[in-house]
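Everything below concerns the one structure shown next.
The values are calculated or read from the model by the stated rules, or taken from the named source; none is laboratory data. Quick caveat, the model's predicted, so the values are computed rather than measured. Every residue, glycine among them, receives a Cβ derived from its backbone with ideal geometry; neighbour counts consider all protein chains shown.
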Amino acid sequence: MQLQSSQQNKANLQRVVFLDRDGVINRNSPDYIKSWEEFEFFPKSIEAIRLLNLNGFTTIIITNQSVINRNMVSKEGLEYIHALMKKAVKSRGGEIKDIFFCPHTPEEGCDCRKPEPGLIYQAQKKYRIDLPTSIMVGDNAKDIECARRAGCGLSILIKSDNIANAEKILSEKKISPDSTASDLYDAAIWIIKHEVGGRRSDVGGPRSEIRDPRSELTPQRSKLSPLTSEL
């Protein structure tokens, strides 16, 4: 029985990076993202995902998308946006392993809308994720609080246009992210240095060289249109 337990522990997925979508991967919008035409990757966000993958991290998106229950876009419409987003990342050599989204409005009081940890728990159940070795990257206080509630090992706050409000809310709740970053690429560099070359290199993978794809890549082309939000 003890051997079986040990084998199960080894099977757990480690080094998972949970990513918020709007404000982290793509530009946010007060009008929400309702179509692919409204979706615009941040510069270097695809490179950041690829860089994490190259260094042994699995990336999973955790996102509030109340556009569905606000009847602004169908579930199929959202999934179409996500399919094209994953395809764009894959075409650049990266991979988004999965996307978990909450369709509910704040008034519905569900257990999956961040800061509730339900989406992370869904991912954990599906992939047997070792949450203490996981990391959450988001631009909203809800992301950092969600990571804390779910038991993620680390959290990183992106300095988006929402940074002042996010820091105010987190201060009031006496919650602090483990680091702040100017964008997802900056966060990826911090994660790799901290996890691969730092104190938590025991979770597996190389401790030495950080693999950086920048020299291999041409400048990323982003679509010039506004993007949706996670409100």
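Observations
- Test: residue in region 63-74 that is in contact with a His (Cβ under 7 Å, 6 or more places away or on another chain) and among the hydroxyl-bearing types (Ser, Thr, Tyr): yes
- Selected residue [without any contact (Cβ under 8 Å) to a residue 40 or more places away in the chain and small (Gly, Ala, Ser)] from Ser74, Ser66: Ser74
- The single residue among Ser176, Ser182, Ser225 that is within 19 Å of Arg27 (Cβ to Cβ), surrounded by fewer than 16 Cβ atoms within 10 Å (Cβ to Cβ), among the polar types (S, T, N, Q) and modelled with pLDDT of 95 or more turns out to be Ser182.
- The helices (runs of 4 or more DSSP H) falling completely within region 51-157 that include 2 or more residues that are over 19 Å from Asp183 (Cα atoms) and among the acidic types (Asp, Glu) map to 75-91.
- Residues (among the charged types (D, E, K, R), in contact with a Lys or Arg (Cβ under 8 Å, 6 or more places away or on another chain) and within 26 Å of Leu157 (Cβ to Cβ)) located in region 24-78: Glu40, Glu47, Arg50
- Region 21-50 - residue that is basic (Lys, Arg) and assigned to a loop (DSSP other than H, G, I, E, B) and, of those, nearest to Gly138 (Cα to Cα): Arg21
- Assessment of region 72-89 against the conditions (closer than 24 Å to Asn162 by Cβ, touching a helix residue (DSSP H, G or I) at 6+ places or on another chain (Cβ under 9 Å) and surrounded by fewer than 16 Cβ atoms within 10 Å (Cβ to Cβ)) yields no matching residue.
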